[in-house]
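The values are calculated or read from the model by the stated rules, or taken from the named source; none is laboratory data. None of the values given here were measured: they were computed from a predicted structure. Here the Cβ is made from the backbone with ideal geometry for all residues, glycine too, and neighbour counts use every protein chain on show. Only protein heavy atoms, including side chains, enter the accessible area calculation; ligands, DNA and RNA are left aside. Shrake-Rupley method; radii C 1.70, N 1.55, O 1.52, S 1.80 Å.
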Amino acid sequence: MKRFKKILVANRGEIAVRVIRACHELGIRTVAVYSDADREALHVRYAHEAILIGPPPSTESYLRIDRVIEAARRTGAEAIHPGYGFLAENPALPRACAEAGIVFIGPPAAAMEAMGDKVQARKLMTQAKVPVVPGTPPLTADVAEVAALAEQIGYPVLLKAAAGGGGKGMRVVPGAGKLASALEQARGEARSAFGDDRVFLEKFVERPRHIEVQVLADGHGNCIHLGERECSIQRRHQKLIEECPSPVVDEATRARIGGLAVRAAQAVDYVGAGTVEFLRAADGSFYFMEMNTRLQVEHPVTEMISGVDLVVEQLHVAANRPLGFSQEDVRLRGHAIEFRINAEDPEADFKPDPGEVSTFDAPAVSLDGVAVRWDSAIRPGYRIPPHYDSMVGKLIVHGPDRAATLRGAQQALDT
C-alpha cells in the first residue's frame, strides 16, 4: 500500500493544525499554505514547510486552485488535504489534483457533484430508497406555477438553493402572501453565493431536529457508520453546539439511520469521510437533507466516543488502504459535546469581532473524570484576522454520560 511522505494542507486555522498534527503522528512531512494575513498563524509555524499563496482575500489565496496545485508541485507534496470550507467541496480541486498527478484526500469529484446539487441528490436518494422531504424540481420563473406547487405541498414551505448549503438561498414561507418576495430573495442570494439561482421547494418540517450520521468508506467496497451527532442548536442556520450521541436516538433508531446513511454514501460510490444529514420530525420520522462530502467541523465528538481518528482514517483511505475495522467492531462509549468558540460581539448581533488575543489559558485536559479537548490555532499575541470565519476554536468535552459531560463542560467554559 502507498505511504505518503509529504502532504499539503489547503486550509488555515484550527483545521489546518488538526490535519498537520495527524500527519506528524504518522511521520508524514507537511506543507502549509497561507495568505499575507496568516504569516504568523500557528499552522504556518507547525508545518515543516509553508508557501505564501496570495493576499488576504480568500478569493485571491485559499480559493485559488492553481496556486494550491503549484505549491504542491514546488514542494513535492504527493497529496492535498482540503480540511473543511474553502475548497473542500469544490469538485474542481480533485479534478485538478488528478491532472497534476497529486492525490486528493477526499471523495471522487463525481460524488461531490452528485451530492452538491441538492435536486440531483434528492433524485438519487429516492432511487436508493432513502426517505426525502416532499419537494419539487427546480422552480420556473412563473410565480403562479410556483404558488400552485406550494399549495400542493402545503404551507409552510421551505425555499432552498439547488447548488449550495450553509443556509444561503434558504427562506421559510409561512403562507402564499410571502411567496413572491421570498422567491426573489432566495434566488438572488443563491446567485450571489453559488453563481446558480436555481431554487426548489420542500415541505417545511416544523420543530425538527438536525441529526447527522458520520460515514467512512474505502476504495475496496467497505462502508461503515460511526453513529450520529445532534446539531439542532444553531443560529442563522449555522451550528453552534453539537453532541454525540443524540439524546433522542435509541439503539434501534441508530442502526436504522446509520444503515440509511451507508446506503446514501454507496449510491454515489463514496470514498473517505463524509456526513449524511437528516431532519427528524416531531413524530420521529427521518428525512435525508444533504450530504457533506468532507470532514465536518464537529468531527471531534465522534472521535471522542468512537475512538476512531477520522483524519488518520482519511489519510489511510487516500493511500488506498482498506478500513481496518467493520461495522461490528464499532463501539460508542460515553457522551461528547462540542462548543464552537467564535470571535464575535454579542452586543452587536454577534457580528465578527477580530483583534489581538491578549491572554489565553487553554482549559484543563481533565476535569472530575471528564476529558477536555481544545482544538484551536490561537495563542497569546495572535491577531485574529478580519478576512475569514469568526470561529477561533472548539471546546470538546467527553464524559461517561450526558449529565457528567454537561457538568464538565460548565467547568471548562468557566475556567
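Cβ-Cβ contacts under 6 Å between residues 6 or more apart (or on different chains), taken from a first residue in the range 318-339 that is in a strand (DSSP E or B) to a second residue that is open to solvent by 30 Å² or more (accessible area, probe 1.4 Å), are listed as H335/D401; H335/R402; A336/M304; A336/H398; F339/I241. Condition first: closer than 21 Å to V297 by Cβ and touching an Asp or Glu at 6+ places or on another chain (Cβ under 7 Å). Can you find one or more residues in the range 15-29 that meet it? Checked the range 15-29: at least one residue is closer than 21 Å to V297 by Cβ and touching an Asp or Glu at 6+ places or on another chain (Cβ under 7 Å). Considered as a group, the residues in the range 112-159 that are over 25 Å from A267 (Cα atoms) and of a type in the set (D, E, K, R) include one that is most open to solvent (accessible area, probe 1.4 Å), and that residue is E151. Of all residues in the range 160-179, exactly one satisfies the criterion of being open to solvent by less than 40 Å² (accessible area, probe 1.4 Å) and assigned to a helix (DSSP H, G or I), namely L179. For the range 158-175, the set of residues classified as closer than 11 Å to D197 by Cα and of a type in the set (A, V, I, L, M, F, W, C) consists of A161, A162, A163, listed by residue number.
In the set (1) among the hydrophobic types (A, V, I, L, M, F, W, C); (2) farther than 22 Å from L159 by Cα; (3) in contact with a Lys or Arg (Cβ under 8 Å, 6 or more places away or on another chain), V133 fails one condition alone, (2). Restricting V311, V301, V297 to residues that are in contact (Cβ under 8 Å) with a residue 60 or more places away in the chain, assigned to a helix (DSSP H, G or I) and within 17 Å of P82 (Cα to Cα) narrows the list to V311. The residues of the range 276-298 that are more than 17 Å from E202 (Cβ to Cβ) and open to solvent by less than 10 Å² (accessible area, probe 1.4 Å), listed by number, are T293, L295, Q296, E298.
Taking the criterion of being open to solvent by 50 Å² or more (accessible area, probe 1.4 Å), assigned to a loop (DSSP other than H, G, I, E, B) and under 20 Å from H299 (Cβ atoms), the residues of the range 359-382 that qualify are A362, V365.
Of A111, A150, A182, which residue is in contact with a helix residue (DSSP H, G or I) (Cβ under 7 Å, 6 or more places away or on another chain) and not in a loop (DSSP other than H, G, I, E, B)? Answer to the selection: A150.
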